[in-house]
Amino acid sequence: MKKIAIMDRLLANGYLDYNSIIFIDEIESALHPKAVCQFLDMIDAIANDMGLQVFITSHSYFVLKKLFLIALKKKGMVSCISLNKGQEAQVCDLHDGMPENSIIDTSVQLYEQEIESS
């Protein structure tokens, strides 16, 4: 909720203008996955209206998947930089699909374990 309140204050006080840059660390922190998705939709709408550039860090599959779905609706590039310990940074455009990384790999493994347990 704090991140949403801060964004609201920045907008209400006029601190954000055309071509502003926003950095949001761990956007999913203290938010329910549904609220994270709604917050990302809100950020996308504001960024489009105001020409903002937004940098987001996350360890959440929900965030990555939602950004991928947002990218599918866009014409411009939606960049994703995936950092994994001991590996070179991987840069991709989310239009081209989800990047390979440990977040997705772990989610798939958990799903497969669930299916095997059923």
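Just so you know, all these numbers are worked out from the coordinates, no wet-lab data involved. Keep in mind that this is a model prediction, so the values were computed, not measured. Methodologically, a virtual Cβ is constructed for each residue, glycine included, from the backbone with ideal geometry; neighbour enumeration extends over all protein chains shown.
Data overview
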quantity: At 1.306 mPa s and 10 °C, Stokes D of the chain from Kirkwood alpha-carbon radius, µm² per second; calculated: 101
quantity: Lysine pairs in the chain with Cα atoms under 17 Å, if 8 or more residues apart or on separate chains; calculated: 8
quantity: Other-chain or far-sequence residues with amide H under 5 Å of residue 22's (modelled H); calculated: 53, 54, 55
quantity: Size of electric dipole in the chain: Cβ of Lys, Arg +1 and of Asp, Glu -1, about Cα centre, debye, nearest 20; calculated: 420
quantity: Charge dipole of the range 2-118 about the Cα centre (unit charges at C-beta), most positive-ward option of 14, 57, 91; calculated: 14
quantity: Relative contact order %, the chain, counting alpha carbon pairs below 8 Å whose residues are six or more apart; calculated: 21
quantity: Sequence of 15, 61 once ranked by neighbouring C-beta atoms within 10 Å, starting from the fewest; calculated: 15, 61
quantity: Under the span-like rule (Cα at least 24 Å along the axis, Kyte-Doolittle mean at least -1.0), DSSP H helices of the chain; calculated: 33-50
